[in-house]
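Everything on this sheet refers to the single structure shown next.
The values are calculated or read from the model by the stated rules, or taken from the named source; none is laboratory data. Keep in mind it's a predicted model, so treat the numbers as computed, not measured. Virtual Cβ from ideal backbone geometry, glycine too; neighbours counted across all protein chains shown.
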Amino acid sequence: MDSKKETRDAILWEVLPSTKMCRVKIQGSNEYIVAYYPENWEKTPFWLKPGNTVKIMHTGGVRGKIEIVGHGILVPTPVAGTQFPTVEEGEGTIISGCGLLACETPRMVVLVRTGIFRINGILYGLSAIPMSAGTNFKMSDGGFFNDIAAAVAINAAPATGNFRYDMFSVGVDTVIDYTVGTAAAIPVKPTPAAGHLLLGYVFIPWGTTVITQESNIGKEYSGPTPSSLNIAIADDDLTWTELSTTVTISVLDQFGNAINGTGYGWYLKLEIQSGNGSVSSDEEGSSMTEIGGHTGTGNSVVFTYTRDQLDPGDKSPTLWAKIMTGTQFGTGGFIILRNAAGEIML
């Protein structure tokens, strides 16, 4: 008798993975029946989901134990209640595409890709931009015509010291909405309107003149920190009678903007890596190898390079500027020295 097994079809109503159990309804009943499913499956079968018909079996040897053994064939109808469980509606989301791209020839324009999105369980699509749709989209922008849904001009960057998040979103009307964020020293992201999905943010630091994928699309704000140096040589080609030139070293943040120091400021050094001559600063005097100076509350130090004016003897110098912070970094420059005949001295 223990070997006798009875099978029947049922509608799977709910799956409870944590207990390896589920609830089903069988023909002629509106009651939930608790059933187990095997624990030795290598992977969960595709049919183990609410709304599917399954085959259940009363397991011999274990009183009252019911187990799911496979895909059912017939769809049972209950005496009362609904025949199928309510299928959960998927959240609004981007299904594919719909991302933001910078133009391959960077300027203040953002491209929006075609794609599919879901709102309230309904799928919508962003169609490709027609070739006649204005001047924002150009052949040199990158992306195929059937892959770009819009080319949107970005508002000018905020005033000095401020940052901004601009937002792209879309609703059931499939119109791409461009929202200009509020400029602030510490920016806050706008939020999509009700019934709209976020397509992405564009981060706009002050001083931005072109939009790039690396610096703006989906980037997060972080407080300005010294990240690079700029070297500006007033005259990088000295004739025999030109004895010196100024070399201005400036500190820039991660956005490419000037970042000022406080107190004594950033400590910068200018070094002669090859060639000859001398470098000097108002703060430390002169040296034939390297000299330093502080920016104070500004972001730059003006050094002076002076040639030896020896013929033969002068050699065109390679200069290296560096900032003396916890993580040192720098940038280089080169000055051409010429003799009395106008020839380059190497």
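Structural remarks
- Verdict on Ser244 being surrounded by fewer than 15 Cβ atoms within 10 Å (Cβ to Cβ), under 23 Å from Asp311 (Cβ atoms) and in contact (Cβ under 8 Å) with a residue 24 or more places away in the chain: no
- No other residue among Thr306, Thr297 is under 25 Å from Thr241 (Cβ atoms), surrounded by fewer than 16 Cβ atoms within 10 Å (Cβ to Cβ) and among the β-branched types (Val, Ile, Thr) apart from Thr306.
- Residue check for Asp235: surrounded by fewer than 17 Cβ atoms within 10 Å (Cβ to Cβ), of a type outside the set (Val, Ile, Thr) and over 30 Å from Gly330 (Cα atoms): no
- Matching residues, the stretch 174-213, being assigned to a loop (DSSP other than H, G, I, E, B), of a type outside the set (Val, Ile, Thr) and either in contact (Cβ under 8 Å) with a residue 40 or more places away in the chain or surrounded by 14 or more Cβ atoms within 10 Å (Cβ to Cβ) (or both): Gly181, Ala183, Pro187, Lys189, Pro190, Pro192, Gly195, His196, Trp206, Gly207, Gln213
- Of all residues in the stretch 302-329 being of a type in the set (Gly, Ala, Ser), outside any strand (DSSP E or B) and in contact (Cβ under 8 Å) with a residue 12 or more places away in the chain, the one that is nearest to Ser250 (Cα to Cα): Ser316
- For Val251, the stated conditions do not hold, so it cannot be described as farther than 30 Å from Val188 by Cα, hydrophobic (A, V, I, L, M, F, W, C) and either surrounded by fewer than 16 Cβ atoms within 10 Å (Cβ to Cβ) or within 39 Å of the chain's Cα centre (by Cα) (or both).
- Looking at Val202, Val170, just one residue is more than 18 Å from the chain's Cα centre (by Cα) and closer than 24 Å to Ile119 by Cα, and that residue is Val170.
- Residues of the stretch 60-79 that are crowded, with 16+ Cβ neighbours inside 10 Å, in a loop (DSSP other than H, G, I, E, B) and at pLDDT 70 or above: Gly72 alone.
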